Every structure is written in structure tokens, then in C-alpha cells.
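The numbers here are math on the coordinates, done by the rules we state, and not lab data. All of these numbers come straight from a predicted model, not from anything done at the bench. Positions of Cβ are backbone-derived with ideal geometry, glycine not excepted, and every protein chain shown enters the neighbour counts.
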Amino acid sequence: MANFYKNAFYAPTTTAVTSVYTAPSNARAIIQNIQATSSGGTKILQASITDSSTTSTTLIAYASITGPTICNIAKGPIILEESDVLKMECNTTDAITATISILEISREDQNG
């Protein structure tokens with residue numbers, strides 16, 4: 001087993017739902033936080049998880065952000081099982097980004 005720390009980034013180019021991170025098929029992942037940064041205006045940011053074993057999607061975070069501000073929309077660790085997908089959407093593409101901090105727990109080593 002190996003642990004890998006990773007980041008994923010969200011800088012929307014569309015207001016549609018966007019896949020931001022997919023857990024590898026040989027690993028589980030823990031999302032530690034979803035830090036959203038708005039440089040101005042009001043945004044509605046949502047995060048959801050698609051469970052690959054059931055193909056169902058569940059809303060896990062919703063934030064109305066008035067900027068400029070930085071906030072963590074994940075209020076605790078979020079566990080992704082193999083092939084689960086973190087998705088995000090925002091009502092605007094202007095002046096909003098997010099950084100997602102992830103710990104992957106793989107059944108293989110980095111070279112394998």
C-alpha cells in the first residue's frame with residue numbers, strides 16, 4: 001500500500017457540472033478540504049459525489065459565497081471509493097477557483 005498526497009483544481013469555464021477528480025480504480029481517496037476562493041461578487045458553489053457502484057450522485061456541499069473571500073466548503077473528510085467522482089458546479093465562471101486536497105490510498109506502490 002502507498003499513500004499519495006494530491007491536489008485537484010477547479011477553475012470553471014462553464015456553469016455545468018464538471019468532474020474535478022476521479023479516484024483511481026486501485027485506490028480509495030480522502031478529500032481533506034475543498035478551499036474555494038472568490039475575488040468578488042456572489043457565487044453559488046456546489047460539490048457532489050458520483051458513487052461508481054450505484055451510479056447515483058449525491059450533493060455533499062453547497063455554499064453561497066460573497067467575495068472577496070476564501071472558505072472551505074468541505075466541513076469534514078470525504079471518502080471516495082474506487083472510481084467515485086468528485087464533481088463541482090458554480091452559477092458563474094467569473095472570479096472563482098477551488099483547490100481540493102486529497103490523500104489517495106493505493107493498493108500498489110508508486111512504481112507498480
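Screening Gly76 with (1) among the small types (Gly, Ala, Ser); (2) without any contact (Cβ under 8 Å) to a residue 12 or more places away in the chain; (3) in contact with a strand residue (DSSP E or B) (Cβ under 7 Å, 6 or more places away or on another chain) gives one miss only, at (3).
Residues that are out of contact with any Asp or Glu (no Cβ under 8 Å at 6 or more places or on another chain), of a type in the set (Gly, Ala, Ser) and over 23 Å from Met1 (Cα atoms) do not occur anywhere in segment 99-107. Looking at segment 51-90, which of its residues are hydrophobic (A, V, I, L, M, F, W, C), loosely packed, with under 15 Cβ neighbours inside 10 Å and under 12 Å from the mean Cα position of the chain (by Cα)? Matches in segment 51-90: Leu59, Ile79. For segment 35-59, a residue qualifies if it is under 13 Å from Glu89 (Cα atoms) and touching a residue at least 40 places away in the same chain (Cβ under 8 Å), and the qualifying residues are Ala36, Lys43, Ile44, Leu45, Gln46, Ala47, Ser48. Taking segment 1-19 as the region of interest, how many residues are closer than 18 Å to Ile105 by Cα, assigned to a strand (DSSP E or B) and either touching a Phe, Trp or Tyr at 6+ places or on another chain (Cβ under 9 Å) or of a type in the set (A, V, I, L, M) (or both)? Here the count works out to 3. Could you say whether any residue in segment 29-45 is surrounded by fewer than 17 Cβ atoms within 10 Å (Cβ to Cβ), in a loop (DSSP other than H, G, I, E, B) and of a type in the set (Ser, Thr, Tyr)? No, every residue in segment 29-45 fails to be surrounded by fewer than 17 Cβ atoms within 10 Å (Cβ to Cβ), in a loop (DSSP other than H, G, I, E, B) and of a type in the set (Ser, Thr, Tyr).
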